[in-house]
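Following: one structure in structure tokens, then a few remarks.
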Amino acid sequence: MANRIANALTALADPTRRAVFERVGRGPVAVGEIAAGLPVSRPAVSQHLKVLKEAGLVTETPHGTRRIYRLDPRGLGALRDWLDQFWAGQLEAFKDFADRLDQEEDK
């Protein structure tokens, strides 16, 4: 699990790859459509998609001569579960902080 999360975070660390990921996140899309909206070549987009696929963040489905890319809910779920562990702790810490402020104001 830790390796999967590390791979996903590493994949998303690249700004162009993040842009590709965000484009795929808006709905199923082919490489040519992604490349049309980015300042990189179609082969470069394909390489970014390969990294995202290996990280478990996107899937591809053949559709005729094209491949259609979608976000992989399994990879996103693992990433979200990892992030949620921090979110829950931060919410509890914020609650404790707010409670202390209330107690100090009541004095």
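The values are calculated or read from the model by the stated rules, or taken from the named source; none is laboratory data. Everything numeric in this text was worked out from a predicted model, so none of it was measured. Virtual Cβ from ideal backbone geometry, glycine too; neighbours counted across all protein chains shown. All accessible areas refer to the heavy atoms of the entire protein, side chains included, with ligands and DNA or RNA removed. Shrake-Rupley method; radii C 1.70, N 1.55, O 1.52, S 1.80 Å.
For the chain, what % of the accessible area comes from carbon and sulfur atoms, probe 1.4 Å?
Values: 4000 of 7290 Å².
Solvent-exposed carbon and sulfur of the chain make up 55 percent of the total.
Mean Kyte-Doolittle of at least -1.0 and a Cα length of 27 Å or more along the axis: which whole DSSP H helices of the chain meet both? List each step's numbers first, then the result.
Numbers: long enough: 73-106 (48 Å, -0.86).
Sorted by number, the helices that extend far enough and score high enough are 73-106.
Looking at the square roots a ≥ b ≥ c of the eigenvalues of the Cα gyration tensor of region 34-73, which shape do they give, rounded for a/c under 1.5, prolate if a/b is larger than b/c, or oblate? Show your work: numbers first, answer last.
Values: a/c = 1.98, a/b = 1.23, b/c = 1.61.
Note, shape of region 34-73 comes out oblate.
Find the centroid of the Cα atoms in region 17-64 and in region 1-15, then give the distance between the two in whole Å.
16 Å
Say we join alpha carbon atoms closer than 10 Å with springs in a Gaussian network model of the chain; which of 40, 29, 51 then has the biggest fluctuation?
Answer for the Gaussian network model of the chain: 40.
Among the trypsin sites (Lys or Arg not before Pro) in region 1-99, which ones are in a DSSP loop with at most 12 other Cβ atoms within 10 Å of the Cβ? Mind listing them?
26
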